[in-house]
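Accompanying notes for the structure given below.
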2 protein chains.
Amino acid sequence: MYDVFQQYLNNKITLTDEEAFQIRQCALFKKIRKRQYLLQEGDVWRYDAFIARGCIRSYSIDENGVEHVIGFGIENWWIGDRESLLSGQPSRFNIDAVEDSEVILFTHTKFEELCASIPVFGHMINQILQRSFIASQNRIQAALSNTAEEKYLAFIEKYSAFVNRLPLSMIASYLGITPETLSRIRKTVGRK
Amino acid sequence: MYDVFQQYLNNKITLTDEEAFQIRQCALFKKIRKRQYLLQEGDVWRYDAFIARGCIRSYSIDENGVEHVIGFGIENWWIGDRESLLSGQPSRFNIDAVEDSEVILFTHTKFEELCASIPVFGHMINQILQRSFIASQNRIQAALSNTAEEKYLAFIEKYSAFVNRLPLSMIASYLGITPETLSRIRKTVGRK
DNA sequence: TTATACGTTTGATCTATGTCAAGTTTTTTT
DNA sequence: AAAAAAACTTGACATAGATCAAACGTATAA
């Protein structure tokens, strides 16, 4: 399972054997079954986590018990709750597996040591963070400017790798619309 | 005008005189009048920018000519378009002044050198980036979960420093509602 | 100081999307 | 393979918020 991550690193940066070894030493492995939690609301999130296999979502639950999907991740994506990580406060989010998944965890303190001692690694992580920020800015813009149908079309355009792995209800939640509305949109738009 | 930034730095980190000097050497100063652009759609954004005085917004314009406010900034905030900065591509956003403002600019290449050569500074910047990311995640969650009224109440709660400096129409745009709707919400909710 | 433009309020409608409910299909469990 | 549980679809109806239009205030500029 580590080889997925090793491959990911190789594609992005060049490491000495020693550095690669150092990183590997910090990795913790975790398999989670479909619907199993990686993080539950109220717990503190202390990791940097890489998805080696599977599909995972993070979401909040509002006062009416309705789930709101904040994000999805598949192979080669990072997930977690940076707010809880940074603040040390209990998380307001849940993270669970949409499919049986494999995750590589790094405890955050060790991870920061790695970032500091292997600058090229730290730099890579920083880039990822910046991209996540940009992506969420774009999502905000899309949410503000677009109709339900436009948001859906943009979603399948951008996340084509996800579409067939996610139940309709989760996509609807991610887009901020009801499952019924998404079902009707799909009928008119075609399944693509 | 630099003293605002110096003060900001002092509150966050400790620098040697030499380091403080190095940073100052890279600063460019810019005054912009109300409604003047700092960035126009189509231009490439190449700076890291700190607001020393005033109030600034960034927004996009959709195909119908409607503006969508992505974010606001006041004294001690950073602004810019990280997507254009990182990609080198023309920006899809506009940034202009809501009030007469003063901005400190650092060309991004110099800024990165500073981050690398003064680790405590780089670390501070990184923290800010992380917080921005967290803030935008939270904004997404709010946009998904809340009604127009709840979004407005959360806004005045969180951005009380802004509320009286921004025209209603810009706040409405930021929240993704029409000015008419916000006007009606204010009527029922009271001006607070 | 007056004129002009810009922003806000208010009212009357309209519409995209939500809600509720019942059926159908698919997936999971036994 | 059958039963039970999720997930999805479809229809009828409800509503939050949008749109259009006109009047009213309040800054900006001549």
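Values for this structure:
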| quantity | calculated |
| --- | --- |
| Exercise: per-residue mean of other protein chain Cβ atoms within 10 Å, B:166-172 | 0 |
| Chain B, relative contact order in percent, only Cα pairs under 8 angstrom and at least six apart counted | 23 |
| Top of B:G176, B:G122, B:G65 by mean-square fluctuation, Gaussian network on chain B, Cα under 10 Å | B:G65 |
| Average beta-carbon neighbours from other chains, 10 Å sphere, peptide B:141-149 | 4 |
| Reachable aspartates and glutamates from A:K187, criterion Cα separation under 20 angstrom, eight or more residues apart if same chain | A:E149, A:E150, A:E157 |
| Qualifying lysines (Cα of each under 27 Å from Cα of B:K30; at least 8 residues distant if same chain) | B:K12, B:K110 |
| Accessible area of chain B divided out per residue, in Å², using a probe of 1.4 angstrom | 50 |
| Threshold 50 Å² - residues in the range A:56-76 whose accessible area is reduced by that much or more when the chain is no longer isolated, probe 1.4 Å | A:H68, A:I70 |
| Paramagnetic label zone (point 7 Å from Cα along Cα-to-C-beta, B:A154; backbone N under 14 Å) in the range B:113-140 | B:134-140 |
| Label geometry 7 Å along the beta-carbon vector: A:K187 inter-copy distances in nm | 3.7 |
| Volume per residue that the Cα convex hull of chain B spans, once the total is divided by residue count, Å³ | 124 |
| Cα centroid separation - the range B:1-75 against the range A:82-139, whole Å | 27 |
| Relative intensity, log₁₀ I(q)/I(0), of the range B:1-71 from a Debye sum that treats every alpha carbon as a point, q = 0.19 Å⁻¹ | -0.92 |
| Nm distances between copies for B:P167, ranked from closest, using label points 7 Å along Cα→Cβ | 4.7 |
| For chain A, built as a Gaussian network whose Cα springs stay under 10 Å, the top-fluctuating residue of A:T181, A:T16, A:T109 | A:T16 |
| The protein assembly as shown pair-distance distribution - Cα-Cα, 10 Å bins, rounded % | 4, 20, 30, 27, 15, 3, 0 |
| Number of partner chain Cβ atoms within 10 Å, mean per residue of B:173-182 | 1 |
| Percent accessible area from carbon and sulfur atoms, chain B, protein chains only, probe 1.4 Å | 48 |
| Ranking by accessible area, most exposed first, for A:R46, A:R186, B:R92, A:R82 with a 1.4 Å probe | A:R46, B:R92, A:R82, A:R186 |
| Contact surface B-A: accessible area buried, both sides summed, square angstrom, 1.4 angstrom probe | 2900 |
| Label point 7 Å beyond Cα along the C-beta direction, distances from B:V44 to other copies (nm, shortest first) | 4.5 |
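The values are calculated or read from the model by the stated rules, or taken from the named source; none is laboratory data. Only a predicted model underlies this, so the values are computations on that prediction, with no experimental measurement involved. All Cβ positions, even for glycine, are placed from backbone atoms using ideal geometry, and neighbour counts span all protein chains on display. Accessible surface areas use protein heavy atoms only, side chains included; no ligands, DNA or RNA. Shrake-Rupley method; radii C 1.70, N 1.55, O 1.52, S 1.80 Å.
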